[in-house]
Amino acid sequence: ETLARSLELAGERTWLWRVYRVLVYVSDDPLVPLRHMIDLRLATSSLEDASAYAARLIRLLSQRGELENALLYSTKVCELDPADTRAALELTVLLVQNGRANEAVDRWEQAATAGADAWVGRAALAPILTLVSEAEHWNMLADVASHLRDGGGHHLVDGYLRIAEVMEASRVLQTGAGVLLAQTDRKQAIQWLTRESASPEGSVEAEAIRRVVLTHVLTGQQQNRERADALRSAIEALDDLGAAREIPWRGLLGFTPTVAQLSSELAETCKDQGHQLESIVILRNAHERFPDDVALGQQLADGYFHAGKPGAALSVLDALASRLKEQGMLQEMASILRRMSELAPNNIRVKTRLIETFLQRGFVSEARAELLRRADLQQRAGAVAAAQESLERAAMLGWSLGFREEAFAIYQRLLELDPEASEPRHSLVMLYLQAGHVAEAVEQQRAIVDISLRANRKHDAIAALHQIIGLIPGDPDAYYRLGDLLAGLGEYGQAERVYRRLMDLTPGEVIPSAKAESMAALREQASRREGSRPA
């Protein structure tokens, strides 16, 4: 202090500034050195690095009731540097505190024009707008909150709080503060949102926003009971609000709350508290109100399933899937059916619906996978024919997707179920030929011949032998078997031609020649018998 007096007498302003700055931190009362500091800067018509000290001086004067002096300093500082955001905020606070809200708005318009932070200005002006229009207040606050979430800086919150604290307490201002603090300081947000107010009821909009924001900031196991109560209160508030009231939810919170979504959160909170049955009741009631809400339906189904009621779970999902199908929402329906498949892995009916839906939607690969699962279920149930059908469809779908080896493997599994089935072998022959696997196709045709003969279907065996000869014309065994079959059916002429072709294939063999001669003789005898019969 002695040094300061000496420097004042000597007119050493630079050193005097430094001494005053030290005195601010070491004096019992910093107000005096703060005054000297700011007076020193004002005398030079330059704040330089004194902006923060000017704000501190103005705030101290205001706190001690020297509002006129605070206003005087604040006005001078703003006139000296109109673009100083901090100074503009301090003057705005003082003007509002003195009932001069209109001047405060004008001051911010001037400051913003000069280059002050416009976002701090919006945050500071939002509370003032409640004097004119609550709706405009929420709209401006929504812009500020959105900017804050995008990384706008915590000083925006301070701008709103400073103004709100000097205005008459109200639910609107308390809720507005809670909205911004919810982005930066949840604990302080809870304090504002639960603070007693001179107007505890507030508007319907303010009350709805307050309750919803409170559910957002109450998190963690230790707050489950409080959050459950807040969620019930928020649901009630949204119901009271109705659809006619427009609130910029997305700007204020980053999302638009709904009764369905809040009911879902309430059910989850109750479940976390160990109240499983209460959770299901909440979800059931909500699902009755919002039957088209897919997430809600799935959550209810999961609740039923974990409560040991898989039938009820499937019933909910089945109704939801049908509703989605009626609405043409096949993608969503497929998702529901997948969930049904997970909940009922052994339900053939569910698998069947899932397969057909996947095929309708064009999900060929997923339909193929479900067909294989259904085949497993059908095989275990003893429904071999049905399992074969599922496997064959799966193989053909796999073939269409280019999974040729897998298709062949599925057909082999299919044949193992019923080795005497010939129809699947015909399809397999076709696939082998398409893939250029002639030897494998012939092998299946030989199996068809054997199966047909065991079943006394000689004409089927003859057709299969013709197929073999068509694929490998030099196979003597096929000719022998074909000739013998034709002979057994009395088709001596055809049998003779087969043996004569076999003679060409095996010129050194005597059996084909003998069989051909025998067939010729039998053909002649048969012809004579036909001729001797009376007309």
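So here's what we get for this one:
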quantity: Of ALA407, ALA455, PRO507, farthest towards positive along the dipole that unit charges on Lys, Arg, Asp, Glu beta carbons give the range 383-510; calculated: PRO507
quantity: Per residue value of the accessible surface for the chain (all protein chains in place, 1.4 Å probe), Å²; calculated: 49
quantity: Cα-centred dipole magnitude for the chain, charges only on beta-carbon of K, R (+1) and D, E (-1), debye, nearest 20; calculated: 1640
quantity: Taking all pairs of distinct alpha-carbon atoms in the range 317-395, Kirkwood radius in angstrom; calculated: 12.5
quantity: Ranking by accessible area, most exposed first, for HIS426, HIS137 with a 1.4 Å probe; calculated: HIS426, HIS137
quantity: Solvent-accessible surface (1.4 angstrom probe) belonging to SER527, in square angstrom, nearest 10; calculated: 70
quantity: Percent of Cα-Cα distances greater than 28 Å, calculated over the range 130-284; calculated: 19
quantity: Relative contact order (percent, whole number), the chain, Cα cutoff 8 Å, 6+ residue spacing; calculated: 5
quantity: Computed magnitude of the charge dipole of the range 188-314 (debye, nearest 20; Cβ of K, R +1, Cβ of D, E -1); calculated: 240
quantity: Answer label for percent of Cα pairs over 36 Å apart (calculated), chosen among (1) 63; (2) 35; (3) 52; calculated: (1)
quantity: The chain, helix-only ellipticity at 222 nm - DSSP H runs n ≥ 4, -39,500 (n - 2.57), divided by all residues, nearest 500; calculated: -24500 deg cm²/dmol
quantity: Over the range 36-175, equivalent-ellipsoid semi-axes from the Cα gyration tensor in Å; calculated: 26, 17, 12
quantity: From phi via Karplus (6.51, -1.76, 1.60), per-residue ³J(HN,Hα) for the range 266-283 in Hz, x at Gly/Pro; calculated: 5, 4, 5, 5, 4, 5, 5, 7, x, 9, 5, 5, 4, 4, 5, 4, 4, 5
quantity: Coarse-grained scattering of the range 203-305 at q = 0.15, 0.24 Å⁻¹, given as base-10 log I(q)/I(0) from a Debye sum over alpha-carbon atoms; calculated: -0.60, -1.31
quantity: Cα principal axis extents for the range 18-95, largest first, Å; calculated: 30, 27, 17
quantity: For the range 103-163, size of Cβ-based charge dipole, Lys and Arg +1, Asp and Glu -1, in debye; calculated: 160
quantity: Stokes-Einstein D in µm²/s, Kirkwood radius over Cα pairs - the range 350-462 at 10 °C with 1.306 mPa s viscosity; calculated: 108
quantity: Calculated over the range 64-146: convex hull of Cα atoms, volume per residue (Å³); calculated: 87
quantity: Of all accessible heavy-atom area on the range 1-108, the percent that carbon and sulfur account for (1.4 Å); calculated: 48
quantity: Table column - 3J(HN,Hα) (Hz), the range 368-374, Karplus curve with 6.51, -1.76, 1.60, x for Gly and Pro; calculated: 4, 4, 5, 4, 5, 5, 5
quantity: Carbon plus sulfur fraction of accessible area for the range 484-535, probe 1.4 Å, in percent; calculated: 50
quantity: Note, ³J(HN,Hα) from phi for the range 112-125, Karplus 6.51, -1.76, 1.60, rounded to Hz, x at Gly and Pro; calculated: 5, 4, 6, x, 5, 5, 5, 5, 5, x, 5, 4, 6, 7
quantity: Fraction of accessible area attributable to carbon and sulfur, the range 366-459 (%, probe 1.4 Å); calculated: 51
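The values are calculated or read from the model by the stated rules, or taken from the named source; none is laboratory data. Since the structure is predicted, the reported quantities are computational estimates derived from the model, not experimental observations. Neighbour counts are summed over all protein chains in view; Cβ atoms, including those assigned to glycine, are modelled from backbone coordinates with ideal geometry. Side chains included, ligands, DNA and RNA excluded: accessible areas come from the protein's heavy atoms. Shrake-Rupley method; radii C 1.70, N 1.55, O 1.52, S 1.80 Å.
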